[in-house]
Each structure stands twice: as C-alpha cells, then as structure tokens.
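Below you'll find the structure, written out as structure tokens, and then a few comments.
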Amino acid sequence: MSIGKDVLMQYVEMKEEIKDIEKSIEKLEKYREKIRKEGTVKDSVTGGYGGIQHFVVEGIPFPEYAKINRLLDGRERRLNERRIRLLELQNEVEEYIDSIDDSRIRRLITLRFIDDLSWIKVACRMGKNHTADGCRMALERFLAKN
C-alpha cells in the first residue's frame, strides 16, 4: 500500500472516529439532562431537637452525575485532539492530491475523500461518460499502481 493510500484511509477512518465520539458525547449529554430533569432522589434524615425531627432531602444523584461529567470531559478532550489530528491529516491528503499529475484522479480523490461524496455523486460531478463503478475502479487502479 502506498503512502498516499495510507493517508487517505487514515483520513477516512479519523472522520468516522470523530463521528463516533460525537455520538457518544450526545448520548451522555442526553443522559445527564435526563438525570437533571427526572433523576431527583429523596431521602429522609433525622436531626434537630435531639434527633426527633425529620427532614426530607431532595437532589440529583451526585456520584452518578459527577461520573457522567468526568466521562464527558474526557470524551470532549479526545474529540478536540482528534479534530486537530484530522486537520493535520487533511493537510497531508491535500499535499498528496497536489502531488498527483493526473487532473482526473485529483478530482476523483477530492470529491470522494475531501467532499465526502458517494461514488454516484462523484460520477455526476465528474460529468458525462463517468459512472460510479468507472470512477471507483479508476481510483482503485491508480492507488494500486502508486
């Protein structure tokens, strides 16, 4: 496998990894909001006047809430690190694309990997006489050769 193909594959995988982390963060945020709205707990404590008075204490389950916040902090930190790495990878991908002599291949790679288009949309953007399979095969042949 060539350096170019490695960079392209890593770039694609990093974008998917970022989407996974974003979904994980969204799920935790929804759970935290659910705890805020519905997760109040009540407890009865005795105290005052020699231990004969009863008080009802109400609040969110703090240990679980704090755990969710710690998890969110870690995932958001990881997400920011991945986004920075993705920008670095995008620069590498763009440098790789610029190094390719064939304009058609440069366009194929840009449309597919940078613009995230499906092969059908790539073929449409490439214009007449291009099919999804033809575009995909042309890129596969180029990557296998280089």
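The values are calculated or read from the model by the stated rules, or taken from the named source; none is laboratory data. Please read all numbers here as calculations on a predicted model, not as lab measurements. Counting neighbours? That spans all protein chains shown, and the Cβs are built from the backbone with ideal geometry, glycine included. The accessibility values were calculated without ligands, DNA or RNA, using every heavy atom of the protein model including side chains. Shrake-Rupley method; radii C 1.70, N 1.55, O 1.52, S 1.80 Å.
Residues that are under 23 Å from Asn69 (Cβ atoms) and surrounded by 12 or more Cβ atoms within 10 Å (Cβ to Cβ) within segment 1-19 comprise Glu17, Ile18, listed in sequence order. Across segment 72-118, the qualifying residues are those that are among the polar types (S, T, N, Q) and outside any loop (DSSP other than H, G, I, E, B), and the one among them that is nearest to Glu17 (Cα to Cα) is Asn80. Taken residue by residue, segment 95-110 has no member that is open to solvent by 40 Å² or more (accessible area, probe 1.4 Å) and aliphatic (A, V, I, L, M). Here is a check on your reading of the model: is Asp73 modelled with pLDDT of 95 or more, within 26 Å of the chain's Cα centre (by Cα) and acidic (Asp, Glu)? When the stated conditions are applied, Asp73 passes them.
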